[in-house]
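Just below is one structure, and these are the notes that go with it.
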Amino acid sequence: MNDYKREVTDVEGGTNVSEKYKDYIKNNIVALYRRKIVPPAVFFVFILVITFLSPVYSLLKPTPIDTSKSIKEQYESSRYIKGTLNNLYFTGYTKEWLSGTEGYYYYTNIGGDCVIVLLSPDTCKQGEPIIDSVTIKGKINKNGKMESELLSKLAKDLSWDEEGITSTLSSYNINEPYTRGFLTYLLLILTIGSGIISLLMVLLYGFFILKPNLSTPVLRLKAYGKSNELLELAEEELAMLPQLATEDMYITEHFFIEISRYGIAIVPINEIIWIYQYSTLHKFLWHHFKISYTLHITANKRLYIKCPKNEKSDINGVIDYLAEANHSILVGFSEENRIEVEKIQGEFIPIRRLLHFLSSRVGK
């Protein structure tokens, strides 16, 4: 454990242990993830409601085609259908979109009605005259302007009057390309993807609530030793009352601890290599509101911590204390400190080697 010593005793042993800070880190980890679990849980419920109330569910689980029912009856129960259609005849007309053919218009009999069916080019093999049988997934739509124009042209081709063909054909059509379009796939991906992500977040945060010692803030300590032992040592030192405490930052004998609404961090003091303060001026248009101060901490093993929106005096006190506790800490933001930290962390070494190699090759 990097020479961290457990020197804490209980009250009977003569050391004053504060009840306020007993299991303080773990309790705050639980509280943190209880807050964080609410947004993804609400969003997941929202996705479920949207899925079942919108056409998304029907698109994911289309209703089987019932050729004994009229297409109008099926439209009233579900907008999306899936199944096998028989005896489809090409009308000779296509639907164009941008610079390509979106689909080919066919007609067939469903439930005693003659129904217009728009098939994708690959489904109908680029306009096959007669299709004996085909299995499709499509959307039922009411005939629009395009279908009305198609009926008018079809009436002339068949030497029928338009009123006669309108009474013969269904006022609903089936559109197969709609279920294969980019926007449809994008809608499904966004809906399913966001639902899965939100559910995984709920499960993960729920696990952290049940097992705070396996949460992210604790697992980060694995870089410095056994995370559970380091957590227990930090808890014990904090329960002994911190050597320095602000509203959400604490310093014990061996650890810097941040516990705020933005997150929780535990860092061994002897692993810290750079600390500095960064100020941000908040303004809207020409009006200046206030200045907020953020403590930045860089530790070994590429651990970076930000403690935002603290008082300047609190940050200065923390910086002074940490610098005194660990004299090897670089204090203040400067180009020299940044370069030194890069050397310590070994950052960009592969890139620099590659650039050096390329420059040497170009020089030749």
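Given the options Gly83, Gly112, name the one that is farther than 30 Å from Gly195 by Cβ and small (Gly, Ala, Ser).
Of the residues listed, the single one that is farther than 30 Å from Gly195 by Cβ and small (Gly, Ala, Ser) is Gly112.
Can you confirm whether the range 30-50 contains a residue that is open to solvent by 50 Å² or more (accessible area, probe 1.4 Å) and not in a helix (DSSP H, G or I)?
no
How do the pairs read when you match residues in the range 89-102 that are under 15 Å from Glu147 (Cβ atoms) and free of Cβ contacts under 8 Å to residues at least 12 places away in the same chain with residues anywhere that are of a type in the set (Lys, Arg) and part of a strand (DSSP E or B), using Cβ under 7 Å and keeping only pairs 6 or more apart or on different chains?
none
Suppose we filter the range 51-65 for residues that are open to solvent by less than 80 Å² (accessible area, probe 1.4 Å) and part of a helix (DSSP H, G or I); how many remain?
Looking only at that region, the number is 5.
In the range 212-230, what residues are open to solvent by less than 60 Å² (accessible area, probe 1.4 Å), assigned to a helix (DSSP H, G or I) and out of contact with any His (no Cβ under 9 Å at 6 or more places or on another chain)?
Across the range 212-230, the qualifying residues are Pro212, Asn213, Thr216, Pro217, Val218, Leu221, Ala223, Tyr224, Ser227.
Restricting attention to the range 174-196, and to residues there that are aliphatic (A, V, I, L, M) and surrounded by 14 or more Cβ atoms within 10 Å (Cβ to Cβ), which single residue is nearest to the chain's Cα centre (by Cα)?
So, considering only residues that are aliphatic (A, V, I, L, M) and surrounded by 14 or more Cβ atoms within 10 Å (Cβ to Cβ), the one nearest to the chain's Cα centre (by Cα) is Ile192.
In this structure, is Ser171 more than 12 Å from Gly103 (Cβ to Cβ), part of a helix (DSSP H, G or I), open to solvent by less than 80 Å² (accessible area, probe 1.4 Å) and modelled with pLDDT of 85 or more?
No; evaluated as a whole, the condition is false for this residue.
Would you list the strands (runs of 3 or more DSSP E) that sit entirely within the range 77-128 and hold 1 or more residues that are open to solvent by 60 Å² or more (accessible area, probe 1.4 Å) and out of contact with any helix residue (DSSP H, G or I) (no Cβ under 6 Å at 6 or more places or on another chain)?
Result: 80-97, 100-110.
Condition (residue is over 22 Å from Ile344 (Cβ atoms), without any contact (Cβ under 8 Å) to a residue 24 or more places away in the chain and open to solvent by 20 Å² or more (accessible area, probe 1.4 Å)) applied to the range 260-276: is it met by at least one residue?
no
The values are calculated or read from the model by the stated rules, or taken from the named source; none is laboratory data. Bear in mind that the values here come from a model prediction, so they are computed numbers and not experimental data. Glycine also receives a Cβ, built like all others from the backbone with ideal geometry; neighbour counts cover every protein chain displayed. The protein model used for the area step is the full one, side chains on, heavy atoms only, and it has no ligands, DNA or RNA in it. Shrake-Rupley method; radii C 1.70, N 1.55, O 1.52, S 1.80 Å.
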